[in-house]
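**Q** One structure follows; several queries about it will come next.
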């Protein structure tokens, strides 16, 4: 089966424009949690390279840090890809769910 992150089930999509919105999305994802969820999360970022890199770094490190502070499992996989002409996307999902889906 051909795998692409856009095919994963998504619980919530965040359309962020800057680092402040990215940190709000991270806080929400950490509060909702990853372990035991049947879906993942998607973060859409503008296709401006400098901003996208900052947002991507903020999201990936923020999720890991937030889960560690809550003493939760940090076994989260993520992919970054070209979503459309205006956005990059990061999809994050717990590794256990990914295995259940057969990927």
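The values are calculated or read from the model by the stated rules, or taken from the named source; none is laboratory data. Here the structure is a predicted model, which means the values were calculated and not measured. Cβ coordinates were reconstructed from backbone atoms using ideal geometry, including for glycine residues, and neighbour counts include every protein chain displayed.
**Q** So the check is Cβ under 7 Å with 6+ separation or different chains; which pairs have a first residue in region 90-103 that's at negative phi and part of a loop (DSSP other than H, G, I, E, B) and a second one that's modelled with pLDDT under 85 and surrounded by fewer than 20 Cβ atoms within 10 Å (Cβ to Cβ)?
**A** Short answer, once both residue conditions are applied: 103/3.
**Q** Here is a list of conditions, (1) in contact with a helix residue (DSSP H, G or I) (Cβ under 9 Å, 6 or more places away or on another chain); (2) surrounded by fewer than 15 Cβ atoms within 10 Å (Cβ to Cβ), and residue 67 meets all of them except one; can you say which number that is?
**A** (2)
**Q** Write out, first by first residue and then by second, each pair whose Cβ atoms fall under 6 Å of each other, whose residues are 6+ apart or on separate chains, and whose first residue, in region 1-30, is surrounded by 13 or more Cβ atoms within 10 Å (Cβ to Cβ) while the second is modelled with pLDDT of 95 or more and in a loop (DSSP other than H, G, I, E, B).
**A** Partner pairs satisfying both residue conditions: 22/16; 25/16.
**Q** Okay, moving on. Kindly indicate the residue of region 40-64 that is in contact (Cβ under 8 Å) with a residue 40 or more places away in the chain and out of contact with any helix residue (DSSP H, G or I) (no Cβ under 8 Å at 6 or more places or on another chain) and also surrounded by the fewest Cβ atoms within 10 Å (Cβ to Cβ) among those meeting that condition.
**A** 47
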